[in-house]
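Data first, discussion second: the structure below is written as structure tokens.
Only the coordinates and a few stated rules stand behind these numbers; no lab work does. Every value quoted in this text rests on a predicted model; they were computed, and no experiment measured them. Note: ideal-geometry Cβ built from the backbone for every residue, glycine included; neighbour counts use all protein chains shown.
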Amino acid sequence: MPFLSDVIKTVYEELAQRILSDKPMGLTTGVPELDEMIGDGWERQRLTYLVGDSGVGKSYLATSWIIRGAKWLQQNPGQRPASGYFLSGEAENDRIKQAIQEKTNKPPVIVFWSLEMDAYSVGLRLVSQVVAELTGQQLDAGKLMRGNLGAPRDSPGWEETRQTLGEAYKFMRQDFGQHICMEFETKSVKEFRKILDELSQAYDICMIVIDYFRLIAETASDGNMATLQEERSRSLHELKRDYDCHVLAIFDINREGQKSSSPGAQHMRGGVAAHYDADLVLVVQNVDEEETAGPTHHLLLKVAKGRHVAQNSMGLAINLASGYVEAWRQRRPTVHSEVWDALDVMEGGLEHDESV
């Protein structure tokens, strides 16, 4: 049994390394304001639940974070989120240091476990998001699924879109696609672990994204929904620790949450057993405003529970046709450009007015 004097020495050594390191603590979401809100991105050995109503855009948010995380890994070779291992005890230190060293010699990957959509459906969603990321062009993933490029075949727009799809294909095949692993067949955590065990022999698993929690095939020991939720959540809690990664799972909201003007962690469907395992609960909801037009919706994303971060919130703009996500304040709708310009002038004046 160690004394505090011994433990604190190890803590300070680890702290010094992290202070001096230029590596990020977590994997980026691609939105700097969101990275800051959740504590420098997706940190290892953390369990996050993304909670919201059906159709609000939870899956698009998750795949956006996957794409941007993988893009960052591709653009920063040799970089990856810092290990979540806590070093304590000399013998334990040696084992963990060896494990960390082994990880740094392996290519970093993000694992997407889809329990709801098949590979073709997910692939087309990713295509529309990558096209928007590369060119700003908003392609409707639903139309793409039917072979519709959104323009007549003999028009310049059709040829331009076809070329854009070719660019996206090369980008995903030759660049960041090698940092995303996808699983569609397994249904239980036990089966999924076998996939992860094999994958971790050659790759460093930085993050696991699960779409979604309620479809994980587990059987409650007593047949109770709350027990089932607790057992599922406990198994995900173990994944984050055993594979030294961040685990993000999409979660349903209950009826009370659907009716509430301010849904929270207490509105997670099936009871709140999973709430206690989570390090972070993010709740997403629609914001009804005049600026919201067409497929682009204004979302409010808030930290409903943060074991390591304060409760906070931010606005996001999401295009529900293409899945493109950005910070709401960064958006500049042309129809309201004069309003945004006026706000920018006001903010600039306030920043320089010491009397305010």
**Q.** lysines with Cα under 24 Å of K71, excluding same-chain neighbours fewer than 8 positions away
**A.** K23, K58, K103, K106, K170, K240
(Q) For the pair N105/E191, report the inter-label distance in nm, with labels modelled 7 Å from Cα in the Cβ direction. (A) 3.4
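Give the value in nm², to one decimal: projected area of the alpha carbon convex hull of the chain, averaged over all directions. Display every interim value, and only then the final one.
Details: hull surface 91.2 nm².
For the chain, the mean projected area of the Cα convex hull comes to 22.8 nm².
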Q: Quickly work out the E238-to-A16 label distance, labels modelled 7 Å from Cα along the C-beta direction, and quote it in nm with one decimal.
A: 3.8
Q) So which of K259/K302; K97/K305; K190/K305 end up more than 22 Å apart by C-alpha? A) K97/K305; K190/K305
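Please report the orientation-averaged projected area of region 177-314, defined via the convex hull of its C-alpha atoms, in nm².
Numbers: hull surface 42.0 nm².
Quarter of the Cα hull surface area: 10.5 nm².
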Q. What number, in percent, do you get for the relative contact order of region 74-176 if the mean sequence gap of Cα pairs under 8 Å and at least 6 apart is divided by its residue count?
A. 20
(Q) Cut-off 18 Å, label point 7 angstrom out along Cα-to-Cβ of D118: give me the residues of region 143-164 whose amide nitrogen falls inside. (A) 143-148
